[in-house]
1. Suppose all protein chains stay in the model; what accessible area per residue would a 1.4 Å probe give for the range 1-132, in Å²?
2. Tell me, what % of the accessible area of the range 94-134 is carbon and sulfur with a 1.4 angstrom probe?
3. What ranking of K123, K82, K140 comes out by heavy-atom accessible area, probe 1.4 Å, highest first?
4. Tally Lys/Arg at +1 and Asp/Glu at -1 over every other residue whose Cβ is under 12 Å from the Cβ of L103; what's the total?
5. Counting only protein heavy atoms and using a 1.4 Å probe, what share of the accessible area of the range 32-87 belongs to carbon plus sulfur, as a whole percent?
Amino acid sequence: TILAGPPPDRLSDSRIHLATARLDQGWGESTISYEDAVNTSDISYTRWEASQWFRLRYSNWLQGNLRGYYGETSYRSVNDLKKTYGGSTGGYWSPMPWLKFTLEGYLERTSGRLQRSINGGGKLDLEASYRLWSARIGYKYTDQNDQISDYKRSNHILQFQISRTVW
C-alpha cells in the first residue's frame, strides 16, 4: 500500500533462500553454503561456497590457522558465472605473558566475464601490556589488482595505539 506520492511503475519483489551446513571437528571446520536470490529490481543470482578451516594449536603461546575456500556465483540476467577462490592464514606467538606477535595474510582470485581480480594482503601486530595499560603497533598491507579495467591499488597503513583498561 502506497501512502503518499505517485505509485511506482513496478513494485520490487525480493526473495532470498539460504542454507548452510557446518561440521566442527575441533581441530578444523568444514562449511558449505547455498544462496538463491530472486530480485525484480536488482540482479538475481545463485551462489554456493565450500570452505575448510584448520586450527593449529601447539600450546597457549603459539597458535595458527589456515583457511581455503572455493565458490561460484551464477547471475541470471547477465548470463555470467563468477568463480572465487582463495585462502588465508594467521597465527600468533606469545614468548612472554605480556608480549604478543600476530601475523595474518590472505589471497583471493575472482574470475568471470564481468569481474576478474586478484586481491591480497597481510597484517603484522606487536602488542605489549603492563597491568591496566597496553600498547600496540601494527602494519597492514593490501593489494588490489582488477585485471579487466587494469586498475591496481596498494595500501600501506601503520598504526600505533595506547589503551588503558577502566575496570
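The values are calculated or read from the model by the stated rules, or taken from the named source; none is laboratory data. Just so we're clear, the structure is a prediction, and the values are computed from it rather than from any experiment. Note: ideal-geometry Cβ built from the backbone for every residue, glycine included; neighbour counts use all protein chains shown. Heavy atoms of the whole protein, side chains included, go into the accessibility calculation; ligands, DNA and RNA do not. Shrake-Rupley method; radii C 1.70, N 1.55, O 1.52, S 1.80 Å.
1. Working: 9240 Å² over 132 residues.
That works out to 70 Å² per residue.
2. Values: 1730 of 2820 Å².
The nonpolar share, carbon plus sulfur, comes to 61 percent.
3. Numbers: K123 75, K82 35, K140 95 Å².
Result of the area sort, largest leading: K140, K123, K82.
4. With Lys, Arg at +1 and Asp, Glu at -1, the net is +1.
5. 56 percent
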